[in-house]
Structures are given as structure tokens and as C-alpha cells.
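Below you'll find the structure, written out as C-alpha cells, and then a few comments.
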Amino acid sequence: MREAVAAGFGVGAVFASELGDDRRFRRITVAGSDLAVAEYALCLQERRRVALVRAFMEEATRLAALNP
């Protein structure tokens, strides 16, 4: 997303800790809002057969169930 924004494709939203010192971007602080964040883990169906990818997805699923 960062590179798409830097190339002029639009705007993006990131946490302040993810912005860094890249001078191509301008920080605009959003205040007075109750913002929620969702996390997603995705992979290609055919990559789910790879042991490391499968283990990661299983662990992500387990952790997601602990924090509904």
C-alpha cells in the first residue's frame, strides 16, 4: 500500500508507528474517533499445502478464536 500511495494511486491509512521517516508521505492525525482495526491472514489455496504456510494459518486461526 505504501508504494501505491507513493506512486500517486491514492491515499492510505497506517499506524503512526508504521509510517517511519519516509518524506514521500504526509502525516494527518485522526482524533476524536473510535477507530477499530481488523487483521487478516491470506494465502493462495495451493500454498496452503506448504507445511510452513499451513502451520502459520493453523496458528493464526487458533489465535483468532481466542480473541473474537
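General remarks:
- Estimated vicinal HN-Hα couplings, Hz - segment 31-38 in sequence order (Karplus 6.51, -1.76, 1.60; Gly, Pro = x): 10, x, 10, 9, 9, 10, 10, 10
- Length added when fully stretched, V14-L44, from 0.36 nm per residue minus Cα-Cα: 8.3 nm
- Residue list for segment 28-52, given a label point 7 angstrom along the Cα-to-Cβ vector of R62 and an amide N cut-off under 11 Å: none
- Charge context of L66, other residues only, Cβ under 14 angstrom, K/R +1, D/E -1: -2
Computed from the coordinates by the stated procedures, all read-outs in this text should not be read as laboratory data. Bear in mind that the values here come from a model prediction, so they are computed numbers and not experimental data. Cβ: placed from backbone, ideal geometry, glycine included. Neighbour counts: every protein chain shown.
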